[in-house]
Protein chains: 2
Amino acid sequence: MSVALPTAPPVASAGLDIDLALVQEAAQTIKASVQRTPVLRCHAIEHAALRNDSNSSFKPEFFFKCELFQKTGSFKVRGALNAVAHLPSTVTDVVTHSSGNHAQALAWAARTKGLRAHIVMPRTAPKVKVDAVKGYGGQVYLCEPTVEARWAMAGELVASTGGALVHPSDDYPVMAGQGTVALEFLEQVEEETGGKSLDALIIPVGGGGLLGGMAVAAKALHPHIKIIGAEPSMVDDAFRSKAAGHLCLHPSPSPRSIADGLLTVLGQRTYPIVSSDKVDAIITVSEQEIAQAMRLVYERMKLVIEPSAGVGVAVAMRGDELEAVLGIGCRRVGVVLCGGNLDMDRLDGIWRLARGEDDVMRDREGSERRERNDQDGVDTK
Amino acid sequence: MSVALPTAPPVASAGLDIDLALVQEAAQTIKASVQRTPVLRCHAIEHAALRNDSNSSFKPEFFFKCELFQKTGSFKVRGALNAVAHLPSTVTDVVTHSSGNHAQALAWAARTKGLRAHIVMPRTAPKVKVDAVKGYGGQVYLCEPTVEARWAMAGELVASTGGALVHPSDDYPVMAGQGTVALEFLEQVEEETGGKSLDALIIPVGGGGLLGGMAVAAKALHPHIKIIGAEPSMVDDAFRSKAAGHLCLHPSPSPRSIADGLLTVLGQRTYPIVSSDKVDAIITVSEQEIAQAMRLVYERMKLVIEPSAGVGVAVAMRGDELEAVLGIGCRRVGVVLCGGNLDMDRLDGIWRLARGEDDVMRDREGSERRERNDQDGVDTK
């Protein structure tokens, strides 16, 4: 069985496509409510990247866009805010189902507009995540941990509240909101370097909202910039979709990766962008590489990132493949640290995975069960 | 047995005292080499602080000075750089013994001045710390893990190299370097708030170099600012010294706290400042409070801090005591996040301690042994 994607277009998307203008408009829309998150450098990580490939003259400088410092702890709030702003003024309620960053982001975004947010979460979701959504003023509905139950409850809520369903990625206003990361990032690097621009961007890909939105914006501004999607090899649907030329779903009904924000699959709106020449390559990395990259960021940058953000850093460590895609003349590579939300109790297992001491995925049966319940094409973290 | 303090004055201190001018001079000296680390806010932590004391109208805003982002991962590099700059031009070598942040900082500072750094470390020091010192170009000398062996080897190195001993805290140029944190912090908060100044500073205290240097500078600029030292109750020599009116050492020869950067004691130069009215109070916190504060910072600020930095945050959570010291009209409280260096493998035990599930101090026999070996009045982390 493959995972079925929801196909009903969210209210917010009707009649829209995505282009640079929509992203620029989104930037204006959300500007007052989001953080202009910092861009940080780390020589130790550049040095670590070189060690893997010390004979090459390919020595990129890395710039890290710190969306872990964004409101609600991830970039997701950009898309949620823009989606909410695109709703007809008659809409008073928004609905989604998610146990992850999108749930918190939508609850927070809805509150800023005075809307009610109805968030369906599986009853197995960690209390800390349920509390976070409630803390942002969202109304939480616990359902049985099955795909069917979550869609059914979300559908009932749309019907009973007249609310708009806001998809976490496969929605043009959402993608445009996420694309604002690219506008800011390019501008900040030019400010910092005295006018030089990024030669490449490494962007984690799950549902493709961030990758799609950023690719559209960055390629429109700098047609020669290279765009790389970063994906866990255990959930490589974007890699396989781009290679095959058609939308591939996860081969298993229970996709697994420590990068729980990236278990989702591309959709009808994100796939066409990811498969186009707006995205130059998808590079996949192992679970151990993700864990090692996380540890490097914790130790050397002193930043708390979630595994999904580690995926981009792990790709930055892949000197040979980066050189093949970017060319030896590539100097400035931007890496999006997409979020910093994770249960701190997971870190010990992640460090063991980094050392190769343990198969953490096998160990975490409770989490597996949660992940299996969450693999419904919405957001799983 | 109490812990004996080294009393020989380091070369760098001869004939100096400390005042605002010395701190301002230090700021000029080190400016080009250090980071102007960011000041961050966190509403979630302000909110968490209020929960403990929700009926009070004492609702301070917290400003966090992020020295975890400083070169070598802690503020220590400020003092080390200034100490090195104060050395006679004939000096070509510096010597210290430390297995902690001062070791890395001095190695790094020496390299920027083209000096050789000789760092004595116990042979039980974690490899990661030895490697960090070597990575900054320091020459590492492993000795038996006893106080006597470390002092003996440091003494031999001073004799054989003609090098200057640089103490991590009880040294005026070092204190002046650490005091530059106050100048920057006050300036940054005024920039951010449109001219309002901090009403109070919470500063972790171990050897007292940071607390002493910052207190001297801040009180000279703003005589009404309140200065609070933050100390683990398990190693409360500063608290007891201030209360007793004389220098108290640790009652045990093996002081223990997860805040391994604060196991040292005040010295002949730092004690007089800490005991004076330049420091308004010392507030002590439990090991569990330190661990809980760390978790709060990891979860909500997305910052990797070491336990010593958690001590300051734990004091910020002590609403009743803060109100008693600061007065109900106090609005803006600065908290120094002094560093971000810790072994990531310690986090799991720290989270267990935060939950009160375990006596981590009892569990960590290997670490205890290390700490016992390190409790020699230099730096223990």
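The values are calculated or read from the model by the stated rules, or taken from the named source; none is laboratory data. Predicted model only: the values in this text are computed from it and were never measured. Methodologically, a virtual Cβ is constructed for each residue, glycine included, from the backbone with ideal geometry; neighbour enumeration extends over all protein chains shown. Ligands, DNA and RNA are excluded from the accessible area calculation, which covers all protein heavy atoms including side chains. Shrake-Rupley method; radii C 1.70, N 1.55, O 1.52, S 1.80 Å.
Considering only the range A:92-117, state which residues are within 24 Å of residue A:25 (Cβ to Cβ), in a loop (DSSP other than H, G, I, E, B) and either small (Gly, Ala, Ser) or modelled with pLDDT of 95 or more (or both). A:92, A:114, A:115, listed by residue number. Here residue B:268 clears all of (1) within 14 Å of chain A (Cβ to nearest Cβ); (2) closer than 17 Å to residue B:205 by Cα except the condition numbered (1).
Can you say whether residue A:149 is assigned to a helix (DSSP H, G or I), assigned by the TED database to the domain that holds residue A:210 and either crowded, with 24+ Cβ neighbours inside 10 Å or small (Gly, Ala, Ser) (or both), as far as the supplied structure shows? Taking the combined requirement at face value, the residue does not satisfy it. Residues in the range B:313-356 that are of a type in the set (A, V, I, L, M) and more than 14 Å from every other protein chain (Cβ to nearest Cβ): 13 in all. If you go through the range B:92-102 and keep only what is out of contact with any Gly (no Cβ under 7 Å at 6 or more places or on another chain) and either within 15 Å of residue B:136 (Cα to Cα) or open to solvent by 10 Å² or more (accessible area, probe 1.4 Å) (or both), you end up with B:92, B:96, B:98, B:99, B:102.
Listed by first and then second residue, the pairs linking a residue in the range B:320-331 that is assigned by the TED database to the domain that holds residue B:228 to a residue that is basic (Lys, Arg) and open to solvent by 50 Å² or more (accessible area, probe 1.4 Å), with Cβ atoms under 7 Å apart and 6 or more places separating them unless they lie on different chains, are B:325/B:226; B:326/B:226.
Just one of the numbered conditions (1) over 17 Å from residue A:352 (Cβ atoms); (2) open to solvent by 10 Å² or more (accessible area, probe 1.4 Å); (3) within 18 Å of the chain's Cα centre (by Cα) is not true of residue A:320: (3). Taken over the range B:161-191, the criterion of being open to solvent by 50 Å² or more (accessible area, probe 1.4 Å) and modelled with pLDDT under 95 is satisfied by B:162 alone.
Determine whether residue A:114 is within 14 Å of chain B (Cβ to nearest Cβ) and among the small types (Gly, Ala, Ser). Against the criterion (within 14 Å of chain B (Cβ to nearest Cβ) and among the small types (Gly, Ala, Ser)), residue A:114 does not qualify. Can we say residue A:248 is free of Cβ contacts under 8 Å to residues at least 40 places away in the same chain, touching an Asp or Glu at 6+ places or on another chain (Cβ under 7 Å), open to solvent by less than 40 Å² (accessible area, probe 1.4 Å) and more than 14 Å from every other protein chain (Cβ to nearest Cβ)? So residue A:248 fits the description; yes.
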